[in-house]
Structures are given as structure tokens and as C-alpha cells.
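Working notes, structure below.
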Amino acid sequence: MKRARVWVFGVLCVLGLLTSRALLEGRAAVRRADECLRANDTEGAIAHAMRAAKWYVPFAAHPREGYDRLRDVARRAESTGDADTALVAWQAIRAAAKSTRSFYVPYQDRLDEADQRIAALLVSKPPPGVDKDKGKDALLAEHRALLARDDAPRPLAVIALYLGLVAWMVGAYRVARELDAFGGLLPSDRDGRKNRLLYAAATAGVGIVVFFLALTRA
């Protein structure tokens, strides 16, 4: 129990440090984005606002503020006919949302809006030669279908991969410990040790099987 408390304390310290850094970096990125907006540096504002959105911490304010800055830039660019800048800003929203997903996508509504606007802006541009005979509705549907595709690793497969890896490492460590102590035991004590050795080997075996199965399906 004492060793478990030490590990739990260590994990909490690491999580605390990571969270603190994300909060500090996210707030700093929002401030830099605002400075760039005041200086009419649109490219810098987009870069720093996207950085703020990517430093995601649940319930923190800076990711939403980063998305707000990007949305404002995109809407302003669209209203002035600057489709290229608007497209970059919407794509930054999409990139930030995709980079922070795990079991769910934070700010899914922002991602959906960005996908819709990206598709619309792409359709408004002159189509390439292979698409010149297609109508705008067909092109819009194609762009939306492409944006909706999700080629990222499956979340459950990633969880299974890490769980398998942990089980494999823990089982291998226990096997090594049991084998190291096995030679010095009395014959009467070896049966219990043998059972623990088999259990550890089974844990390692199951872990490596789960790891490789998850790797093929991720």
C-alpha cells in the first residue's frame, strides 16, 4: 500500500505539472493572438489562436477563446471576400479540434461548423479540370464526405494497445522476479511460487497477444 501511494502521488504530480503547463501556454497563446490582431497580423493571430485551442484542458477558458479568435478571423475574412484567409482560419479550427480528440472531440460544434464552411469555400473556387463538369451541389457533397472521413486510430483499439503493453511489462517483470527467487526456496515452498510464476507468465502472454491484436486494428 505504501508503494502504491508513492506511485499515485507521482502520477498526480506529473498530471499537475502537465496541466499547469497547458494552462500557462494556452493563456499566453491567447494573449499573443490578441496582440497580433491589434497589430493587424492575421497570420500570427491564426497561428497563436490555434495553439491556444490545441492546449486543451477540460473546463479551461483558453481553448474556447482560441476557437473564438479563429472564428472571428474567418468570418471577417469571408465578409471582405478574402476566401483564402477564411479557409486558413477554418482549417486551423479543424486541425485544433482533430488534434485534441480522444474518446470524444472537444468542441464538436466548432469542428462541424468549420467543415461546413471549408466545403462551401472550396466549392466557391474554380474547380480543377477533373471536376469542371460537376455541379456545385455534387462538389459540395464530395467535399463534405471527404471532410467527414476519420482515418485516425480507433480509440478502443488504442486503449487495448496500452493495456496490453502494461500487462505484458508487468507480467514479464513478475516472471523475472519469481524466477530469481525460485532457486533459493525449499521444495515445500515451491508450489506456491510456481503458481504465481504461471499466473505472471499468463499475464505477460495475454498482454502481448492483446497488444499485437490492437496494433493490427488501430
Worksheet entry | Reachable aspartates and glutamates from K134, criterion Cα separation under 12 angstrom, eight or more residues apart if same chain | E142
Worksheet item: Relative to the Cα centre, what is the charge dipole magnitude of the chain, using +1 at the beta carbon of each Lys and Arg, -1 at the beta carbon of each Asp and Glu, and rounding to the nearest 20 debye?
Response: 920 debye
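Could you give the length gained by full extension between E43 and F103, i.e. 0.36 nm per residue of separation minus their alpha carbon distance, to one decimal place?
Once the chain is fully extended between E43 and F103, it gains 18.5 nm.
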Discussion item. What distance in nm separates the two pseudo spin-label positions at L215 and C13, each 7 Å out from Cα along the beta-carbon direction?
Written reply: 3.3 nm
Discussion item. Full-extension gain between A95 and D68, please, as 0.36 nm times their residue separation minus the C-alpha to C-alpha distance.
Written reply: 8.3 nm
Worksheet item: Using a basic spin-label model with each label point 7 Å from the Cα along Cα→Cβ, how many nm lie between V170 and T80?
Response: 5.7 nm
Item to complete: Restricting things to alpha carbons, find the Rg to Rh ratio for the chain using the Kirkwood radius for Rh.
Response: 1.20
Worksheet item: Looking only at L15, L122, L156, which one moves most when the chain is put into a Gaussian network model with springs between Cα atoms under 10 Å?
Response: L15
Response to the item:
To the nearest 0.05, the calculated FRET efficiency linking A148 and R27 through their beta-carbon distance, R0 being 25 Å, is 0.15
Item to complete: Name the residue, out of A86, A160, A96, whose mean-square fluctuation peaks in a Gaussian network model built on the chain with Cα pairs under 10 Å.
Response: A160
Fill in: Table column - 3J(HN,Hα) (Hz), the stretch 19-28, Karplus curve with 6.51, -1.76, 1.60, x for Gly and Pro
5, 4, 5, 4, 5, 5, 5, x, 5, 5
Worksheet item: With each pseudo-label sitting 7 Å past Cα toward Cβ, what's the D34-K136 distance in nm, one decimal?
Response: 3.9 nm
Worksheet, complete the sentence: Over its alpha-carbon atoms, the stretch 1-56 yields an Rg and a Dmax in Å of 17.1, 58
Worksheet item: Okay, which of the stretch 203-218 sit inside 19 Å, backbone N to the point 7 Å along the Cα-Cβ direction of L179?
Response: 203-209
Worksheet entry | Which of T216, T42, G164, positive extreme of dipole for the chain (C-beta unit charges) | G164
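A short reminder: the numbers here are calculations on the coordinates, not readings from a lab. Given the structure is predicted, the values throughout are model-derived calculations rather than measurements. Methodologically, a virtual Cβ is constructed for each residue, glycine included, from the backbone with ideal geometry; neighbour enumeration extends over all protein chains shown.
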